[in-house]
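The values are calculated or read from the model by the stated rules, or taken from the named source; none is laboratory data. Quick caveat, the model's predicted, so the values are computed rather than measured. Methodologically, a virtual Cβ is constructed for each residue, glycine included, from the backbone with ideal geometry; neighbour enumeration extends over all protein chains shown. Accessible surface is based on the protein model in full, side chains and every heavy atom, while ligands, DNA and RNA are left aside. Shrake-Rupley method; radii C 1.70, N 1.55, O 1.52, S 1.80 Å.
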Amino acid sequence: MKKLIKISISICLLLTLLIIITNIIIIGKSTYYIDNDINYKNYDYVLVLGASAKNNRPSLMLKDRLDKVVEIYNENNNIKIILSGDSVKENYDETGVMYNYLTNSGINSNNIIIDKYGVSTYDSVVRIKDITKDKKVIIVTQKYHLYRSIYIAKQNNINVVGVKAYEYKYFGNLKREIREVLARTKDYFYCLSNHKIEYENNLSNK
């Protein structure tokens with residue numbers, strides 16, 4: 001029994017160490033690329049990552065991401081905007097809500113590309129690789145989420161920088177932060193193993 005307890009403790013310690021190390025690596029390799037003297041006019045694409053939507057309206061967190069995209073577009077109205085979110089579930093259309101919000105904010109629909117299969121951060125980022133190629137890309141999301149997004153992009157040779165969305169103390173922040181710590185470890189190994197995305201590339205205009 002004592003031996004089993006020791007083994008269990010050892011496994012827990014190793015897993016904790018693994019989580020700490022992978023988070024340090026991801027944050028360390030991504031920090032430089034966040035809000036580092038970015039001139040929006042020099043970029044070709046902006047990828048905005050989805051978040052929850054309800055009653056055909058974006059959550060506060062998603063709205064803050066979209067508002068930042070509007071700001072970027074107002075400085076560079078040639079930039080192509082990739083909306084990536086989960087619109088796979090029945091009666092749930094994250095990208096549709098994002099699209100409506102941006103077009104209602106004055107963004108030309110011809111500038112918008114839809115990725116309705118963005119079921120995870122890893123999938124959303126990897127999927128843009130084929131269309132962005134050697135172009136310059138901005139990723140927009142909250143700062144805690146940018147580290148992982150940028151790391152995934154860099155590991156897939158996507159030329160990206162990150163721009164922080166406006167941030168508040170959203171409801172459920174602690175739970176979200178804990179989940180993100182674990183997600184960084186997961187996606188570290190996804191990148192290491194060149195994990196296949198869940199859906200094939202299906203980006204399109206509305």
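Step by step: first the residues of segment 107-124, then only those that are over 27 Å from residue 186 (Cα atoms) and in a strand (DSSP E or B), then the one that is most open to solvent (accessible area, probe 1.4 Å). Which residue is that?
Among them, the one singled out is 113.
For the subset of segment 153-169 comprising residues that are of a type outside the set (S, T, N, Q) and either modelled with pLDDT of 95 or more or open to solvent by less than 20 Å² (accessible area, probe 1.4 Å) (or both), which member is nearest to residue 25 (Cα to Cα)?
That would be 154.
Could you pull out the residue among 137, 126 that is in contact (Cβ under 8 Å) with a residue 12 or more places away in the chain and either on the phi > 0 side of the Ramachandran plot or out of contact with any Leu (no Cβ under 8 Å at 6 or more places or on another chain) (or both)?
126
Mind checking which residues of segment 42-92 are within 15 Å of residue 119 (Cα to Cα), in contact with a Phe, Trp or Tyr (Cβ under 9 Å, 6 or more places away or on another chain) and open to solvent by 10 Å² or more (accessible area, probe 1.4 Å)?
Scanning segment 42-92 gives 53, 86, 87, 88.
For segment 87-118, what are the residues that are at negative phi and of a type in the set (S, T, N, Q)?
87, 95, 100, 103, 104, 105, 108, 109, 110, 111
If a residue has to be modelled with pLDDT of 90 or more, open to solvent by less than 80 Å² (accessible area, probe 1.4 Å) and not in a helix (DSSP H, G or I) to count, how many in segment 170-206 make the cut?
Of the residues in that region, 2 qualify.
Pairs, please: C-beta under 7 Å, at least 6 apart or cross-chain, first residue within 16 Å of residue 159 (Cβ to Cβ) and open to solvent by 40 Å² or more (accessible area, probe 1.4 Å) and in segment 26-38, second in a helix (DSSP H, G or I) and of a type outside the set (Gly, Ala, Ser)?
Going by the 7 Å Cβ cut-off, the qualifying pairs are 29/151; 29/154; 33/150.
How many of the residues making up segment 93-106 are open to solvent by 20 Å² or more (accessible area, probe 1.4 Å) and under 19 Å from residue 141 (Cβ atoms)?
Summing the residues that are open to solvent by 20 Å² or more (accessible area, probe 1.4 Å) and under 19 Å from residue 141 (Cβ atoms) in segment 93-106 gives 3.
Output the residues belonging to segment 64-111 that are of a type in the set (A, V, I, L, M, F, W, C) and in contact with a Ser or Thr (Cβ under 6 Å, 6 or more places away or on another chain).
Of everything in segment 64-111, those that are of a type in the set (A, V, I, L, M, F, W, C) and in contact with a Ser or Thr (Cβ under 6 Å, 6 or more places away or on another chain) turn out to be 70, 83.
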